[in-house]
Amino acid sequence: MDNISNAFNFYKKHIYDPEKIGFLKEHNLKVAGHVHSVIWELFCALITGEKAVGITGADLKGWEVKSAKIGGNFEYQYHRRAHLQKLEEDKIVNHIFCSYSEEYDSVTVRALKGSMLCEKYFNVWEPLCIEKYKNPDNLRFRKNVLFSFVKNNGLVVLEIQGGNLIFKNDDFKVELDNL
């Protein structure tokens, strides 16, 4: 079975859970956001075929993973100790973005090369990050990549609607490399 099909099976078992969503709603609890970021990282590990390496830097070997509700922006955090190294790495690794509906029945995954994010984001953030950390009380530097930028520029890897896989691009890595 191919990577995207494996990832979709994982999604059906561990992300899209109509029964759990029903219980959350029944008890007036928040539905969107109950899937932890590490689950999205695992989902993307299955898609890309890559594993995590180390405890800092990109989430997977050669890939930074981000997730947000559809229409929401994707947050990047840079910590005091490794902010410049992380920014430099973000410029060269690939980035994979998962956009999900409130009930997780719709998910779109898009990919961008780090170099495609440099001009508008990483190169702009670098001096701001350096300035922020001149104050020793600052512990984190947070910025967002806009959903609209990812939607307009990202390569669609897969799309799920109504809990069904309606599009998959098994050649996304090759296509991304050729951009």
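The values are calculated or read from the model by the stated rules, or taken from the named source; none is laboratory data. In this text the structure is predicted, and so the values were computed from the model without any measurement. All Cβ positions, glycine included, derive from the backbone under ideal geometry; neighbour counts span all protein chains shown. For the accessible areas, the whole protein counts, side chains as well, though only heavy atoms, and no ligand, DNA or RNA atoms are used. Shrake-Rupley method; radii C 1.70, N 1.55, O 1.52, S 1.80 Å.
Among the residues of the stretch 132-149, is there at least one that is within 27 Å of PRO18 (Cα to Cα) and either open to solvent by 30 Å² or more (accessible area, probe 1.4 Å) or out of contact with any strand residue (DSSP E or B) (no Cβ under 7 Å at 6 or more places or on another chain) (or both)? So far as the stretch 132-149 goes, yes, one or more of its residues are within 27 Å of PRO18 (Cα to Cα) and either open to solvent by 30 Å² or more (accessible area, probe 1.4 Å) or out of contact with any strand residue (DSSP E or B) (no Cβ under 7 Å at 6 or more places or on another chain) (or both).
Among the conditions (1) in a strand (DSSP E or B); (2) under 15 Å from the mean Cα position of the chain (by Cα); (3) surrounded by 20 or more Cβ atoms within 10 Å (Cβ to Cβ), the only one that GLU75 does not satisfy is (3). Listed by first and then second residue, the pairs with beta-carbon distance under 9 Å, at least 6 apart or on different chains, first residue in the stretch 78-101 and over 16 Å from ALA52 (Cβ atoms) and without any contact (Cβ under 8 Å) to a residue 60 or more places away in the chain, second open to solvent by 60 Å² or more (accessible area, probe 1.4 Å) and small (Gly, Ala, Ser), are LYS91/SER115; ILE92/SER115. Screening GLU64, GLU50 for residues that are part of a loop (DSSP other than H, G, I, E, B), within 19 Å of ASP177 (Cα to Cα), within 15 Å of the chain's Cα centre (by Cα) and of a type outside the set (Gly, Ala, Ser) leaves exactly one candidate, GLU50.
Residues of the stretch 102-147 that are in contact (Cβ under 8 Å) with a residue 60 or more places away in the chain, at negative phi and of a type outside the set (A, V, I, L, M): GLU102, GLU103, ASP105, LYS113, ARG140, PHE141, ARG142, LYS143, ASN144, PHE147.
Taken together, LYS168, LYS151, LYS173, LYS134 contain a single residue that is modelled with pLDDT under 95 and either charged (D, E, K, R) or farther than 17 Å from ASN73 by Cα (or both), which is LYS134. Filtering the stretch 79-120 to residues that are open to solvent by less than 10 Å² (accessible area, probe 1.4 Å) and not in a loop (DSSP other than H, G, I, E, B) leaves LEU87, ASP90, HIS95, ILE96, PHE97, CYS98, SER99, VAL107, VAL109, ALA111, LEU112, LEU117. Within the stretch 158-169, can one find any residue that is under 23 Å from TYR16 (Cα atoms), open to solvent by 30 Å² or more (accessible area, probe 1.4 Å) and in contact with a Ser or Thr (Cβ under 6 Å, 6 or more places away or on another chain)? Yes, because at least one residue in the stretch 158-169 is under 23 Å from TYR16 (Cα atoms), open to solvent by 30 Å² or more (accessible area, probe 1.4 Å) and in contact with a Ser or Thr (Cβ under 6 Å, 6 or more places away or on another chain).
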